[in-house]
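Coordinate-derived values only; no laboratory data. Not measured: the values here are computed from a predicted model. No Cβ is skipped: glycine too gets one built from the backbone with ideal geometry, and neighbour counts run over all protein chains shown.
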Amino acid sequence: MPRGEIMKQIFPGIWQWTWFSDEKQLDFNGLFLMVGEHKILVDPPLMTAEARSFVRRNGPVDYIIVTNRDHLREAAAYQAEFTCWLYVPEADAAQMDVTPTKRYTDGELLPGGIWAIRLSDQKSPGESALFLDRGQGIMIVGDALIGKPAGAVSLLPAEKYPDAAKVKDGLRRLLKYNFDGLVVGDGASILAGGKPVVERFLSLPS
């Protein structure tokens, strides 16, 4: 059975919880954001009872944002539980077994001052990063980059992509943004110095 962990604050107003997948041998990460008056879940995997209690104490949840079709995870269940809005990428919506409240597009400003960044030539057509422009900046990615090994980033296996040779080119768009923290949906997030890690990875030969 997978095992979950309680909420851990990783930045001011941002908490992360993890659910370890024995199948993938990776932590699946979900985020709980308290940004101004907004309470937002991102890519939510299963919560432990403690994590759910934390969210309920600090809620109510207003929005759930999903970064790609495969990170729907428990979003539909939590949308029903918390009676909140569900945002999914426009380009992935037709491939998701859910009826979202809103389909978001590239460059859209989402609740909480979160910018949506669609990344081309990724595993799914709607793969999006979420950027919070505050302080040093925080970049949130779904499947675009995997936090493995800890302190570094990697890609999914080549067979997951329509054209693996184009993946890194699509990710270079991230470097246009000033971010320090890199929060990943799978694996270990990088809480400081995230952009140089991404720059070095993208400069390596594929």
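Quick notes on this one:
- When the helices of the chain are scored as -39500 (n - 2.57) per DSSP H run of n ≥ 4 and the total is divided over every residue, the value at 222 nm lands at -4500 deg cm²/dmol.
- Pairs over the 22 Å Cα-Cα cut-off, from the set 39/160; 8/148; 24/123; 39/148: 39/160; 39/148.
- Residue 99 versus residue 37: modelled label distance in nm, points set 7 Å from Cα along the beta carbon direction: 2.8 nm
- Treating r as the C-beta distance of residue 81 and residue 10 and R0 as 35 Å, the FRET efficiency rounds to 0.90.
- Cα-Cα P(r), the chain, percent of pairs per 10 Å interval: 9, 38, 40, 13, 1
- Taking a point 7 Å from the Cα of residue 50 along the Cα-to-Cβ direction, the residues of the stretch 18-34 with backbone N closer than 14 Å to it are 18-20.
- In this simple spin-label approximation, residue 176 and residue 192 carry label points 7 Å from Cα along the Cα→Cβ vector, and these lie 3.0 nm apart.
- Cα centroid of the stretch 177-206 to Cα centroid of the stretch 1-50, whole Å: 19 Å
- Fraction of antiparallel bridges per DSSP, the stretch 53-142 only, in percent to nearest 5: 60 percent
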